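Only one structure is covered here, and it is reproduced in the block below.
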Amino acid sequence: MRTMDWEDGAIVTIDQTALPHREVILRIDTVDGVIEAIKRLAIRGAPALGIAGAFGVAIAARTHLSQSPESGTTKAKAEAEAAARADAERLASARPTAVNLRWGVEQALESLTDGPDAVLATALRLMDEDDQMNYQATVSAADVIVGLCPDRPLRLLTHCNAGALATAGLRGTALGAVFELAERGLVEFVVVDETRPLLQGARLTAWELGRAGIPHRLCVDSAAASLMGRGLVDCVVVGADRITANGDVANKIGTYSLAVNAAYHGIPMVVVAPESTVDEQLKDGALIEVEERAADEVRQVLGTPVAPEATEAFNPAFDVTPAELITAVVTEARIMRSPRRVTAAERGR
């Protein structure tokens, strides 16, 4: 399924906040609408944010440049372009941690001087390329996982959602690797972390796996280490929102804990993401800006209060996993392996 598309001047996408109970289709034709959808996580997932950002620039270009008279002055055209670029910057800043959003915006802006149609053509090209890149990455990642865990049906553990919903929508990244392994008959079951506080695993990943008919079991985030200790996990496979030059990975909060526990238990951890998630400008994860979200996301569960109203909360949306805790990072173009993966015990010494 394609979970995001362009139809008649608008982004058409599934509202991820309504899943799994309702499949609500959004039609977004304003820059403010794109920003609002991104901020409230109706659109989420690093690759999907990149495509949404590019389409947002197409909307900005159509809004401002199409209003500029064809016979307008050079000054009028420059002002129209400046207004479109201002909207593009608002789009790129809507969520700071996932580098794909700014990447998609900047890719689309390269066509701005050629007019709205050229910007839209760039955004459509990026969407098509997203499908191709993710397919290549998932096949490579499946091969890597088979090499790490040969000759048996696999028990795979996932965190957050890195499936079709997190991309332009045909396969996904980390969850796409799970689908590829399932097509090869190599999946016994998938352990799905619920992913507090917003339950992307429970709401989105379980929904995608159920539609695909892949056996899966949901667990609370804090159960992952216990399941590893019981020998119920062969490999951890996750996506990424930003990968730095040295291989540190920013992903949904809780990923770092999984990496520490997997290292302790000698379980491989594989990250799957497109090249657009790699930020070569940042030398390591200490330089990543981690988004802090509203306290009510922690004080509530899907709108229902679970803590006293005045309770203060710490709610980082992401954490950073050091490269030495990751077995391999797989993109469509390369496989980055840690030169020496250390165990949690070694890090503690």
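The values are calculated or read from the model by the stated rules, or taken from the named source; none is laboratory data. If you're wondering where the values come from, they're calculated on a predicted model, not measured in any experiment. Using ideal geometry, Cβ is built from the backbone for each residue, glycine included, and neighbour counts are taken over all protein chains shown.
So, Ile38, is that one under 26 Å from Ala273 (Cβ atoms), under 14 Å from the mean Cα position of the chain (by Cα) and surrounded by fewer than 24 Cβ atoms within 10 Å (Cβ to Cβ) or not? So Ile38 passes the test. Taking the condition of being under 19 Å from Thr97 (Cα atoms) and in a strand (DSSP E or B), how many residues in region 294-337 meet it? Number satisfying all stated conditions: 6. When the residues of region 97-136 are filtered to those that are of a type in the set (S, T, N, Q) and touching a strand residue (DSSP E or B) at 6+ places or on another chain (Cβ under 9 Å), the one that is farthest from Asp8 (Cα to Cα) is Thr97.
In the set Ala240, Ala250, Ala206, which member is of a type in the set (A, V, I, L, M) and in a helix (DSSP H, G or I)?
One residue alone meets the criteria, Ala206.
Out of Arg44, Arg22, one residue alone is assigned to a loop (DSSP other than H, G, I, E, B) and either farther than 25 Å from Arg62 by Cα or in the same structural domain as Ala250 (by TED's automatic domain parsing) (or both). It is Arg22. Set side by side, the residues Ala240, Ala317, Ala294, Ala313 differ, and just one is under 19 Å from Cys160 (Cα atoms) and either more than 17 Å from the chain's Cα centre (by Cα) or of a type in the set (S, T, N, Q) (or both), which is Ala294.
For every residue, the table says whether it meets (1) aliphatic (A, V, I, L, M); (2) touching a strand residue (DSSP E or B) at 6+ places or on another chain (Cβ under 8 Å); (3) surrounded by fewer than 17 Cβ atoms within 10 Å (Cβ to Cβ); (4) over 29 Å from Gln132 (Cα atoms).
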| residue | (1), (2), (3), (4) |
| --- | --- |
| Ala223 | yes, no, yes, yes |
| Arg230 | no, no, yes, yes |
| Val236 | yes, yes, no, no |
| Lys252 | no, yes, no, no |
| Val278 | yes, yes, no, no |
| Asp284 | no, yes, yes, no |
| Asp296 | no, no, yes, yes |
| Pro305 | no, no, yes, yes |
| Phe318 | no, yes, no, no |
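Once region 312-349 is narrowed to residues that are modelled with pLDDT under 95 and among the polar types (S, T, N, Q), the residue that is nearest to Val249 (Cα to Cα) is Ser338.
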